[in-house]
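The values are calculated or read from the model by the stated rules, or taken from the named source; none is laboratory data. Keep in mind that what you see is a predicted model, and the values were worked out from it rather than measured. All Cβ positions, glycine included, derive from the backbone under ideal geometry; neighbour counts span all protein chains shown.
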Amino acid sequence: MYSQTCEIIIMGDFNTNLLENNGSVPADFLSAMLTHYLLPTTMIPTRVSDNSATLIDNTVSSLVAHETTVLINDISDHFTIICELLSSLVA
């Protein structure tokens, strides 16, 4: 049997607000990611309107997030996430 370790990065507009304290959808999403050793890279809003601030654009990774920045811009109603991840590979 062949076994290999790999690093995983999943990014997308999941429409699952990780800042929501109630409801099973955010808890189920986070639980599914944690089950596979994937951690969110940011816990600050990525979409802000006059009426709400949500974290629906999620990046989860098996790598450690060294630094994450959310760029606030007027290009879209979703902000850009820039994430510097630490590689576990040793040169």
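Which of (1) in contact with a strand residue (DSSP E or B) (Cβ under 8 Å, 6 or more places away or on another chain); (2) of a type in the set (Val, Ile, Thr); (3) modelled with pLDDT under 90 is the odd one out, the single condition THR46 does not satisfy?
Only one criterion in (1) in contact with a strand residue (DSSP E or B) (Cβ under 8 Å, 6 or more places away or on another chain); (2) of a type in the set (Val, Ile, Thr); (3) modelled with pLDDT under 90 is unmet by THR46, namely (3).
Looking only at the range 47-91, which residues are surrounded by fewer than 16 Cβ atoms within 10 Å (Cβ to Cβ), under 25 Å from ALA32 (Cα atoms), touching a residue at least 12 places away in the same chain (Cβ under 8 Å) and hydroxyl-bearing (Ser, Thr, Tyr)?
Listed by number, the residues that qualify are THR69, SER87, SER88.
Mind checking whether some residue in the range 25-35 is buried (at least 17 other Cβ atoms within 10 Å of the Cβ) and assigned to a loop (DSSP other than H, G, I, E, B)?
No, the range 25-35 contains no residue that is buried (at least 17 other Cβ atoms within 10 Å of the Cβ) and assigned to a loop (DSSP other than H, G, I, E, B).
Out of the residues in the range 53-67 meeting the condition of being in a loop (DSSP other than H, G, I, E, B) and not polar (S, T, N, Q), tell me which one is farthest from the chain's Cα centre (by Cα).
The qualifying residue farthest from the chain's Cα centre (by Cα) is LEU63.
Residue-by-condition table, conditions (1) modelled with pLDDT of 90 or more; (2) under 16 Å from the mean Cα position of the chain (by Cα):
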| position | (1), (2) |
| --- | --- |
| TYR2 | no, no |
| GLU7 | no, yes |
| ASN51 | yes, no |
| THR69 | yes, yes |
| LEU86 | no, yes |
